Amino acid sequence: MKKEGDYGTNHDGSKSKEYCHFCFKSGGFTDEGITMEQKINKWVELGVSQLCMTEKQARDMANGIIPHLKRWKK
């Protein structure tokens, strides 16, 4: 994360150094219960609709990032 506003927040309101503000607020994941595949599909939809990416570009990006994030590592 590059800017202070990119960080999520812990239960006590402090900044989380591990998770971004899209995924983690007030000490919890914003999309609790979602599977990694569902998260990837959500990123693909956002990449296509908001970033003008092709579906392949968005899927390649999501598959290259999401499985390596701490939350999704097995």
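Observations, loosely collected:
- Charge dipole magnitude, Cβ of K and R +1, D and E -1 - the chain, Cα centre, debye nearest 20: 240
- Descending semi-axes in whole angstrom, ellipsoid equivalent of the chain, from the Cα gyration tensor: 23, 14, 11
- The range 33-74, Rg to Rh (Cα coordinates; Rh as Kirkwood inverse mean 1/r): 0.99
Since every read-out is calculated from the coordinates, none of them should be taken as a lab result. Remember, it's a predicted structure, so these values are computed and weren't measured experimentally. All Cβ positions, even for glycine, are placed from backbone atoms using ideal geometry, and neighbour counts span all protein chains on display.
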